[in-house]
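The block underneath contains the structure these notes are about, expressed in structure tokens.
Please treat every number below as a calculation from the coordinates, not as lab data. These numbers come from a predicted model, not from an experiment. Please note: Cβ atoms are built from the backbone with ideal geometry, for glycine as well, and neighbour counts cover all protein chains shown.
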Amino acid sequence: MGKMESVKLIDTRGAACASITYLSEAYRHSKYGDILDVLFTEKVMKEDTKEWAAKTKNEIVEMKEDKGETTARIRINKR
């Protein structure tokens with residue numbers, strides 16, 4: 001039986017520039033295989049999240065928008 005992945009919700013709605021900081025902090029406390037669900041409302045955070053994932057070599061599994069809120073699901077592949 002495989003290891004259970006841990007899913008962590010990072011709610012950054014309304015946090016503006018601090019959103020990427022919250023994501024980075026959650027990453028520092030994550031383990032290989034964990035899932036980070038990042039919830040945000042800032043439009044710029046969409047590109048910031050993509051750039052962060054590319055830079056850290058982690059995977060955006062899904063990014064979806066609903067009523068002005070975006071959720072990015074990131075799998076930690078690199079520690």
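Below is a table of values for the structure above.
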read-out	value
Angstrom value of the Kirkwood radius, inverse mean 1/r, which spans all Cα pairs in the chain	12.5
Nearest 10 degrees, 0 to 90: helix 44-56 Cα axis against the chain principal axis	30
Segments 36-47, 15-26, 63-74 sorted - mean Cβ within 10 Å per residue, highest first	36-47, 15-26, 63-74
Antiparallel DSSP beta bridges within segment 7-75, as percent of all bridges there, nearest 5	70
Label point at Tyr22 placed 7 Å out along Cα→Cβ; residues across segment 39-62 whose backbone nitrogen lies under 11 Å	39-42
Extension reserve of the Glu51-Lys31 stretch, reckoned as 0.36 nm per residue once the Cα distance is removed	5.2 nm
Distance in nm between pseudo-label sites at Glu69 and Val44 (7 Å out along the Cβ direction from Cα)	2.2
